[in-house]
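A short worksheet on the structure shown next.
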Amino acid sequence: KERVDYLENWLRESADKHLKEVDALKTSHAKHCDEVVAAHAQLGVDVEQMDRKHASMQDRLTDLEKQLEDRVEKHAFQLSSAVDKLEGAHARLELCEAHGTAIDARLELCEAHGAAVDARLELC
């Protein structure tokens with residue numbers, strides 16, 4: 001009888017101990033499940049925020065590319081216009097240089113003619 005009482009008591013204590021451990025595991029498991037669910041929900045929020053930021057970044061990048069393209073076109077037009085003006089100025093300068101040579105020749109001719117006139121006047 002003592003042995004049976006001892007075994008019953010030992011089994012009861014062992015069962016109580018295991019029951020407490022199982023309850024602690026259930027509590028821990030429930031807590032862990034809640035944390036996993038919360039983390040998963042937060043991950044969903046984070047993914048949505050990243051998607052919005054990504055779309056925002058994509059829009060910003062598209063806008064920057066458009067602005068850059070507009071600036072390139074504007075500067076290409078201004079450069080072309082400046083080249084055209086420079087070519088026109090160069091053509092006018094060449095024309096002036098050509099006339100300048102002719103003017104210099106005529107000026108020398110006039111000076112020579114003037115010297116001849118002065119010499120005739122002195123004879124009078």
Compute the Rg to Rh ratio over the chain from the alpha carbon atoms, using the Kirkwood formula for Rh, and round to two decimal places. 1.98
Carbon-plus-sulfur fraction of the accessible area of the chain, 1.4 Å probe, in percent? 62 percent
May I ask for the angle, rounded to the nearest 10°, between helix 2-123 and the longest principal axis of the chain, with both axes built from Cα atoms and the value confined to 0 to 90°? 0 degrees
If the elastic network links every pair of Cα atoms under 10 Å, which of 114, 100, 44 fluctuates the most in the Gaussian network model of the chain? 114
Might you tell me the accessible area per residue for the chain, computed with a 1.4 Å probe and given in Å²? 95 Å²
For a test of understanding, tell me how many lysine pairs in the chain have Cα atoms under 28 Å apart, given they are 8 or more places apart or on different chains. 7
With every protein chain in place, what's the accessible area of residue 36 (1.4 Å probe, Å², nearest 10)? 80 Å²
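The values are calculated or read from the model by the stated rules, or taken from the named source; none is laboratory data. Since we're looking at a predicted model, the values are computed, not measured. Heavy atoms of the whole protein, side chains included, go into the accessibility calculation; ligands, DNA and RNA do not. Shrake-Rupley method; radii C 1.70, N 1.55, O 1.52, S 1.80 Å.
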